[in-house]
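A quick write-up on the structure given underneath.
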Amino acid sequence: MSAERIEIRKYPNRRYYNTRDSRHVTLEEIRDLVREGHEIKVVDSRTEEDITVTVLTQILLEIESPKLAFFPASFLQHLIRVNTDVFKNMTESYFKNSMASFVKAAESTQDGATAGFGVPFSGSFDEWQKVWMGMFSKAPEPGPAAAKAEKPPASKSTETTDQVAALSKQMEEMQRALNDLRRGREK
């Protein structure tokens with residue numbers, strides 16, 4: 001099944017309507033569509049406003065909340081405090097650079113054959129991003145298959161350690177920038 005863009009309409013009665021299948025859907029069903037690889041667009045039926053980000057955030061908060069434990073409380077508090085435009089620009093830049101570093105690490109670790117997780121890697125950033133995001137929904141099952149997973153050669157581990165250190169440094173720089181922004185708002 002190929003992924004397609006599906007428009008979901010949200011009505012004032014808080015119900016969601018899948019225009020492709022001509023039926024009402026729940027947040028869980030919208031989440032399942034995203035997991036299947038479909039691109040969704042959620043539109044408010046009254047205003048025609050694109051509310052996709054709001055609905056995806058609601059899914060994270062209500063259904064996928066364990067994934068939010070990844071973010072420390074201090075980061076979430078800074079997120080609330082910081083100016084939206086500044087944060088958006090800084091975050092977009094940070095994640096773009098982080099993903100580019102991850103791609104480079106995946107190529108060096110697996111000689112470009114896989115994205116570091118046994119998943120074929122084409123080199124295209126958009127295709128890589130889809131593969132990378134898909135890996136989160138395909139956690140390996142415990143058992144013989146997981147035990148047979150090949151480990152990277154020992155010589156590559158120092159490269160990986162260096163790359164993790166570089167990412168940690170980027171996180172520290174981001175934290176410092178957030179602190180500077182907060183101090184600027186307090187003055």
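Please work out the C-alpha center-to-center distance from the range 54-106 to the range 1-37 and express it in whole Å.
Distance between centres, Cα-based: 24 Å.
Would you calculate the separation in nanometres between label points at LYS169 and GLU49, each defined as 7 Å from the Cα along the Cα-to-beta-carbon direction?
If labels sit at LYS169 and GLU49, their model points lie 4.2 nm apart.
Once label points are set 7 Å from the Cα along Cα→Cβ at both LYS104 and PHE71, what is their separation, rounded to one decimal in nm?
2.7
Just so you know, all these numbers are worked out from the coordinates, no wet-lab data involved. Just so you know, these numbers come straight off a predicted model, no measurement behind them. So basically every Cβ, Gly included, is an ideal-geometry build from the backbone, and we count neighbours across all protein chains shown.
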